[in-house]
Amino acid sequence: MIGLTDVINIKTTYRSSYAIKADGTVWAWGDNIEGQLGNGTNIQQLIPIRVVMTGIADIISNRSGTFTHALRNDSTVWSWGINTRGSLGNGTFINSNIPLQVISP
């Protein structure tokens, strides 16, 4: 098994963990009941898996928890996970297990 390499940033919560690699991809593992791992499922992951960000890379920062936000180097913000209070910024209260771009007013 090959370890996770080229990590430039890491965030952890009491339920899940996230790593940003030098190539701008985001990797996540741990609990996933609210879809906070962003891989299109709600299944717990015991090893790092790549966050599904179709056409999206170049992540430079992230904030992690039961909902997660990622900042791209083009200044767009993407979010996924629990959304019961509209915290994903996509105009709904629906959870998302894939990253969605935050809507700009």
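Residue count for region 76-105, restricted to those that are part of a strand (DSSP E or B) and within 19 Å of THR41 (Cα to Cα): 10. Screening ARG72 against (1) surrounded by 19 or more Cβ atoms within 10 Å (Cβ to Cβ); (2) at pLDDT below 90 leaves a single unmet condition, (1).
Applying the set (1) surrounded by fewer than 21 Cβ atoms within 10 Å (Cβ to Cβ); (2) modelled with pLDDT under 90; (3) not aromatic (Phe, Trp, Tyr) to ILE59 leaves exactly one unmet item: (1).
Number of residues in region 75-98 that are crowded, with 21+ Cβ neighbours inside 10 Å and of a type in the set (Val, Ile, Thr): the value is 0. The residues of region 60-75 that are assigned to a strand (DSSP E or B), among the hydroxyl-bearing types (Ser, Thr, Tyr) and closer than 12 Å to GLU34 by Cβ amount to a single one, THR68. The condition of being surrounded by 16 or more Cβ atoms within 10 Å (Cβ to Cβ), closer than 27 Å to THR5 by Cβ and modelled with pLDDT under 85 holds for GLY65. Within region 70-99, residues that are over 20 Å from ASN9 (Cα atoms) have Cβ atoms under 7 Å from residues that are surrounded by 21 or more Cβ atoms within 10 Å (Cβ to Cβ) and among the aliphatic types (A, V, I, L, M) in these pairs: SER96/LEU88, counting only partners at least 6 apart in sequence or on another chain. Would you point out the residue of region 25-39, among those that are within 12 Å of the chain's Cα centre (by Cα) and assigned to a loop (DSSP other than H, G, I, E, B), that is surrounded by the most Cβ atoms within 10 Å (Cβ to Cβ)? Out of the qualifying residues, it is LEU37. The residue that is surrounded by the most Cβ atoms within 10 Å (Cβ to Cβ), counting only those in region 1-24 that are within 15 Å of PRO99 (Cβ to Cβ) and in contact with an Asp or Glu (Cβ under 9 Å, 6 or more places away or on another chain), is SER16.
The values are calculated or read from the model by the stated rules, or taken from the named source; none is laboratory data. Note that the coordinates shown come from a computational prediction; the quantities given were computed from them, not determined experimentally. Cβ: placed from backbone, ideal geometry, glycine included. Neighbour counts: every protein chain shown.
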